[in-house]
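Following: one structure in structure tokens, then a few remarks.
The values are calculated or read from the model by the stated rules, or taken from the named source; none is laboratory data. A quick note: this is a predicted structure, and the numbers were derived from the prediction, not measured. FYI the Cβ positions are ideal-geometry reconstructions off the backbone, even for glycines, and counts take in every protein chain you see. What goes into the accessible areas is simple: the full protein's heavy atoms, side chains included, and nothing from ligands, DNA or RNA. Shrake-Rupley method; radii C 1.70, N 1.55, O 1.52, S 1.80 Å.
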Amino acid sequence: MNGPRDVIKASLLIVDDNEVNISLISRYIKKHEGYTLTTAGGGDQALELIQKQSFDVVLLDLKMPGVSGRDVLETVRQSYSLSQLPIIMLSAEEDSSAAVDTLQLGANDYVVKPIDFKTLKARIDTQISLKRNEQAYLEIKENLEQLVSQRTDALNDLNETLNKERQRFEYLLTSSPAITYATSVDPKHHCSFVSNNIT
């Protein structure tokens, strides 16, 4: 018997100057639970939204008047805080040079129109999983670094305490009028230490 189906919860931004394309993508995505959709009709509006809101994936049309998808991609990748935002480029161009160009600029994927929506959904889910796995890795790494730092501080404190105790012990030995010596535990009882305060 199968367990409950996992529902991916994600916030998507769809950017396209063609309202029909936005409507078709939105209609398909809305059939699946967990997705929150935001749309933008151009590159300038997309950049405003990306600066204000947090998105898990951006579906970005390559060719748009004014601020193109390529412009948006380039701007986002130049921003340190947004450099890891997953972006899937959408384009009617089947020319491989356009795909190579945008992938080299930092796009995470490239989908050719007309869109196969099942394939698009699979690619969206892949980008979400990759992003969340990376976030989980970074959290684990940060926690381990904090733990190592705490253990290192504790060891340094312990070493400092031991050094103080050793110095105190040496002072007591050298300042005492009595001769202090130590022998080994072997049967011959070799002398392993004698205080240097013999007069």
Q) Computed from the mean reciprocal separation of all distinct C-alpha pairs, what Kirkwood hydrodynamic radius does segment 45-133 have, in Å? A) 13.3 Å
Q: Just grab the label-to-label distance for Glu145 and Asp71, each label 7 Å out from Cα along the Cβ direction, in nm (one decimal).
A: 3.7 nm
(Q) Taking amide H atoms as placed 1.01 Å from N in the peptide plane, list the residues 5 or more away in sequence, or in a different chain, whose amide H sits under 5 Å from that of Ile87. (A) Val58, Asn108, Asp109
Q) Taking 0.36 nm per intervening residue step and subtracting the Cα-Cα distance, what contour gain separates Glu33 from Ala122 on full extension? A) 30.6 nm
Q. Which whole-angstrom value gives the distance between the alpha carbon centres of segment 58-79 and segment 19-34?
A. 21 Å
Q: Please work out whether segment 1-156 counts as rounded, prolate or oblate from its C-alpha gyration tensor, where a ≥ b ≥ c are the square roots of the eigenvalues and a/c under 1.5 means rounded, while otherwise a/b larger than b/c means prolate and anything else oblate?
A: prolate
Q: Kindly state, to the nearest 0.05, the FRET efficiency for Leu158 paired with Tyr137, given R0 = 35 Å and r defined as their beta-carbon distance.
A: 0.65
Q | Rg to Rh, two decimals, where segment 19-61 supplies the alpha carbon set and Rh follows Kirkwood | A | 0.95
Q: At q = 0.13, 0.16, 0.25 Å⁻¹, work out log10 I(q)/I(0) for segment 7-83 with the Debye formula, treating every Cα as an identical point scatterer and leaving solvent out; two decimals please.
A: -0.37, -0.56, -1.19
Q: Note down the accessible area of Val67, probe 1.4 Å, to the nearest 10 Å².
A: 50 Å²
Q: At 1.4 Å probe size, with no ligands or nucleic acids counted, give the accessible surface of Lys118 in Å², nearest ten.
A: 150 Å²
